[in-house]
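In what follows, a single structure is set out as structure tokens and then discussed.
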Amino acid sequence: AKLHDPRWIDAMVTLINGRHWQKPQPVFRWHDSGDLQSVQHLKNIFEVCKLTPDTAHWLPTREARLLQYMDPEVIPKNLLIRLSATKVNGAASKSWPWTSTVTDGKDKTCPAPDQGGKCKSCRQCWDRSIQNVQYAKH
């Protein structure tokens, strides 16, 4: 219900841009848990991204059905959507240019497990030049 509140976009922009005593967020990850709820939810995120041009946004999702007819060119340039694999040790999707996978082996590319669970200076997930980020199973 909150996603349909007409104030949701403005509230998200305020949180990301900060207030007069805060600095704008240089990077923002959508959905620490949960996922896209609808096409309208995705459109709302696009609008927030357009209104926060100085922030790099990363949106992990398993909702391939919402991306299957989308042209990556219509996505705001400051937003990277990564389509997540659905199984541990599963293959990356071939239907979307940016993906993520999970491994139970040692071949992860995400450094967060070695950094207290934090990205720190790593920006792989936000980087369009990196096709796939591989996370360790946790």
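The values are calculated or read from the model by the stated rules, or taken from the named source; none is laboratory data. Bear in mind the structure is a predicted one, so any value in this text is a computation, not a measurement. Methodologically, a virtual Cβ is constructed for each residue, glycine included, from the backbone with ideal geometry; neighbour enumeration extends over all protein chains shown. Heavy atoms of the whole protein, side chains included, go into the accessibility calculation; ligands, DNA and RNA do not. Shrake-Rupley method; radii C 1.70, N 1.55, O 1.52, S 1.80 Å.
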Exercise. Being outside any strand (DSSP E or B) and either touching a strand residue (DSSP E or B) at 6+ places or on another chain (Cβ under 6 Å) or of a type in the set (S, T, N, Q) (or both) is the filter here, so list the residues in the stretch 68-82 that pass it.
Key: Gln68, Asn78
Practice problem: Give the residues of the stretch 67-122 that are charged (D, E, K, R) and within 22 Å of Leu36 (Cα to Cα), sorted by residue number. | Solution: Asp71, Glu73, Lys77, Arg82, Lys87, Lys94
Quiz item: Tally time: how many residues in the stretch 13-32 are open to solvent by 70 Å² or more (accessible area, probe 1.4 Å) and aliphatic (A, V, I, L, M)?
Solution: 1
Quiz item: Can you find a residue in the stretch 42-61 that is among the hydrophobic types (A, V, I, L, M, F, W, C) and in a loop (DSSP other than H, G, I, E, B)?
Solution: no
Exercise. Output the residue which, of all residues in the stretch 120-132 that are out of contact with any strand residue (DSSP E or B) (no Cβ under 6 Å at 6 or more places or on another chain) and without any contact (Cβ under 8 Å) to a residue 24 or more places away in the chain, is most open to solvent (accessible area, probe 1.4 Å).
Key: Lys120
Self-check item: Sole exception among (1) within 19 Å of Trp98 (Cβ to Cβ); (2) open to solvent by 10 Å² or more (accessible area, probe 1.4 Å) for Leu67, by number
Solution: (2)
Quiz item: If you check Asp10, Asp35, which single one turns out to be open to solvent by less than 40 Å² (accessible area, probe 1.4 Å) and acidic (Asp, Glu)?
Solution: Asp35
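A quick yes/no check of all residues on (1) open to solvent by 30 Å² or more (accessible area, probe 1.4 Å); (2) of a type in the set (A, V, I, L, M):
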{"position": "Thr55", "(1), (2)": "no, no"}
{"position": "Trp58", "(1), (2)": "no, no"}
{"position": "Ile75", "(1), (2)": "no, yes"}
{"position": "Gly116", "(1), (2)": "yes, no"}
{"position": "Gln134", "(1), (2)": "yes, no"}
Quiz item: For the stretch 83-101, what are the residues that are of a type outside the set (S, T, N, Q), in contact (Cβ under 8 Å) with a residue 12 or more places away in the chain and assigned to a loop (DSSP other than H, G, I, E, B)?
Solution: Gly90, Ala92, Trp96, Pro97, Trp98
Self-check item: Total residues in the stretch 9-40, condition among the charged types (D, E, K, R), out of contact with any Phe, Trp or Tyr (no Cβ under 7 Å at 6 or more places or on another chain) and not in a helix (DSSP H, G or I)
Solution: 4
